[in-house]
Every structure is written in C-alpha cells, then in structure tokens.
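Following: one structure in structure tokens, then a few remarks.
Values quoted throughout were computed directly from the atomic coordinates according to the rules given, and no laboratory measurement underlies them. Keep in mind it's a predicted model, so treat the numbers as computed, not measured. With ideal geometry, Cβ positions are generated from the backbone for all residues, glycine too; neighbour counts draw on all protein chains shown.
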Amino acid sequence: MLPSGNDQSNRGVLVPQPYRIFRITAVAEAFSWAGLLVGMYLKRVAEVTDLGVWVFGRLHGALFVAYVVAALWTARAERWSLPRTLAGLAASIPPFTSLIFERWVARRRVPHDGPALVGSTPD
C-alpha cells in the first residue's frame, strides 16, 4: 500500500531536491571525463597502461547515465522548457560541458534552502 499524503511515518525524513542531485552528478560527470581523458593519454600517447581507461571508462559511463536521469528529473521538477532540457541532455556529451550548463542553470533559478522535510509543517 502506498503512503498517503498525511502518513505520519514520513515525518522528518529528508528528501533530496532534484537540483541538488543534478548539481552533484554534473560535477562528478565532468571529473570522470577528466579521469577518462588522462586514462586515454596514458593508454594511447604514453603507452604506459590501460588501467585508467578501464576504471574511468566504467565510472564515466555510470555517471553519464546518472547525469541524464538527474537532468530529466530536475527538468520535470523545475518545469524546464524543452530547449533547456535538450541543452542539458546535450551537455552530457562534450567534455566538461555539464559544468558549464549547471552554472548557467544556477544563475537562472530561484534558490532553495536545502532538502525538504516530508510531512513537515512551517513554524
């Protein structure tokens, strides 16, 4: 059975805001790009090891998917326009563009004060 809106068991539970998760994944995705680029350098140019590509390739793949999911979640929660949503999704492809897009969105949104408490009432 799904909890109702007035269910007392959810009181005081912190619920992450979509934008916070989006911001974290945007930064993490950019750092994983950096790691992958270093790994590609070590594998193809320096010809030292392919361990960096193996590790950061997997990490970047997971963070890429997390960024796309977080961008779609945030787009829905904050009612982004279709062009903004498509720009956010496209920002996942070129290296470090997720950071640029996140900063662009940050300057254009209304700030919120931390995570929301489910079931809490304002004092």
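With bins 5 Å wide beginning at 0, the percent of Cα pairs of segment 34-99 falling in each bin runs 4, 17, 21, 18, 13, 10, 8, 5, 3, 0.
Quick check: net charge around THR85, other residues with Cβ under 13 Å of its Cβ, Lys/Arg +1 and Asp/Glu -1? With Lys, Arg at +1 and Asp, Glu at -1, the net is +2.
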